[in-house]
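Peer 1: This is the structure I have questions about; it appears just below.
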Amino acid sequence: MVPRPPGQLLPPSNLQAIVVTQTQISLTWNPANTNATAFQIEKKIGLTGVYAPLVTLPNSTASYSDMAVATGNTYVYRIRSQGTSGLSAFSNEVSASTPVAQLPAAPLLQATAASSSQIHLSWTSIASGVMRFRIERRNASGQYAEINQPPPLATSFDEFGLTASTAYSYRMRVETAAGLSGYSNEITATTMQGLPTAPTNLMAVAIS
């Protein structure tokens, strides 16, 4: 084997990339015999992307977790040594593809009229990492519009100020970091009949 000239910088060897989660890729390499004072990692998005500096690490490190990745993308990495004599050539290239995020399941929605002006909604959801829920409502002749965004732990919502003896339809979705679920089942509830209108113009006439 030809001896390495003193001070010659060699790149780390055996660079590897492993997908840990949808938003994390782990890099490992062999730093031995590099004469490095630091390591420079570069990354590009896609096989035809352009490399850009990612991070510079001390020469005692042999791994790095890249958390700046998105779901459904391919990332390519390379690494080189940095030392007092300059920079080495780059290591082997490695690529890793993060899986596409799976959207959460839609909630199961129920609705009950509580009065002539109130409808009570309740739901169950098996989604994890919920950020918020999104409730939409329409009447018989209208279009759906969002009316409320309950917080992650909510399981019910009461809507007030509705018109008596009127049918309202509802649907909802759950939002997580992966995105919005499909719509829940559509549920319709009719507010109760209002109290009769009080008589007016009451008069009294003496007969005798």
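Peer 1: Over the chain, give the accessible area per residue in Å² for a 1.4 Å probe, as an integer.
Peer 2: Heavy-atom SASA per residue in the chain reads 59 Å².
Peer 1: From the P(r) of the range 87-154, could you give the percentage of C-alpha pairs in the tail past 16 Å?
Peer 2: Numbers: 1533 of 2278 pairs.
More than 16 Å apart: 67 percent of the Cα pairs in the range 87-154.
Peer 1: OK, next. So, by mean Cβ neighbours within 10 angstrom, what's the order for 91-101, 57-67 with the highest one leading? List each step's numbers first, then the result.
Peer 2: Details: 91-101: 15.6, 57-67: 14.1.
Output ranking for 91-101, 57-67: 91-101, 57-67.
Peer 1: Mind computing the radius of gyration and Dmax over the alpha-carbon atoms of the range 30-113? Å is fine for both.
Peer 2: 19.9, 78
Peer 1: For R132, which sequence-distant residues (separation of 5 or more, or a different chain) have an amide H within less than 5 Å of its own amide H, given hydrogens modelled in the peptide plane?
Peer 2: E175
Peer 1: Further question: Could you tell me, in Å, what Rg and Dmax come out for the Cα atoms of the chain?
Peer 2: 32.0, 135
Peer 1: In what sequence, highest mean first, do 44-54, 26-36 appear when ranked by Cβ atoms within 10 angstrom? All intermediate terms of the calculation are to be shown ahead of the outcome.
Peer 2: Working: 44-54: 12.2, 26-36: 17.5.
Top of the packing list down: 26-36, 44-54.
Peer 1: Sequence gap at least 6, Cα distance under 8 Å: using those rules, report the relative contact order of the chain to the nearest whole percent. Don't jump to the answer; show the numbers that get you there.
Peer 2: On the way: 498 pairs, mean separation 36.5, N = 208.
Computed value for the chain: 18 percent relative contact order.
Peer 1: Oh, and also: Tell me the label-point distance for the pair A204, S115, using the 7 Å Cα-to-Cβ offset, in nm and rounded to one decimal.
Peer 2: Output for this residue pair reads 3.3 nm.
Peer 1: Whole Å is fine, so just give me how far the alpha carbon centre of the range 103-165 lies from that of the range 24-56.
Peer 2: 48 Å
Peer 1: How big is the range 159-208 by Rg and Dmax over its Cα atoms, in Å?
Peer 2: Spelled out, the Cα radius of gyration and Dmax of the range 159-208 are 23.0, 83 Å.
Peer 1: Given a 1.4 Å probe and every protein chain left where it sits, what share in percent of the accessible area of the range 51-112 is carbon and sulfur?
Peer 2: Details: 1690 of 3280 Å².
Ligands and nucleic acids excluded, carbon and sulfur reach 52 percent.
Peer 1: Using R₀ = 22 Å, calculate the FRET efficiency as 1/(1 + (r/R₀)^6) where r is the Cβ-Cβ separation of Q24 and S60; round to 0.05. Kindly include the intermediate steps, with their values, before the conclusion.
Peer 2: On the way: r = 22 Å, r/R0 = 1.00.
The value I calculate is 0.50.
Peer 1: Tell me, what is a quarter of the convex hull surface for the C-alpha atoms of the range 8-49, in nm² with one decimal? Before the final figure, lay out the partial values.
Peer 2: Details: hull surface 15.9 nm².
Result: a mean projected hull area of 4.0 nm².
Peer 1: Here's a follow-up. Percent antiparallel among DSSP beta bridges with both residues in the range 80-208, to the nearest 5?
Peer 2: Working: 31 of 31 bridges.
Of those bridges, close to 100 percent are antiparallel.
Peer 1: Within the range 103-208, list the chymotrypsin sites (Phe, Trp or Tyr not before Pro) lying in a DSSP loop whose Cβ has at most 10 other Cβ atoms in a 10 Å radius.
Peer 2: Of the chymotrypsin sites (Phe, Trp or Tyr not before Pro), the ones in loops of the range 103-208 whose Cβ has at most 10 other Cβ atoms within 10 Å are F160.
The values are calculated or read from the model by the stated rules, or taken from the named source; none is laboratory data. Keep in mind the model is a prediction, meaning the values are calculated, not measured. All Cβ positions, even for glycine, are placed from backbone atoms using ideal geometry, and neighbour counts span all protein chains on display. Remember, those area values only see protein heavy atoms, side chains included, never the ligands or the DNA or RNA. Shrake-Rupley method; radii C 1.70, N 1.55, O 1.52, S 1.80 Å.
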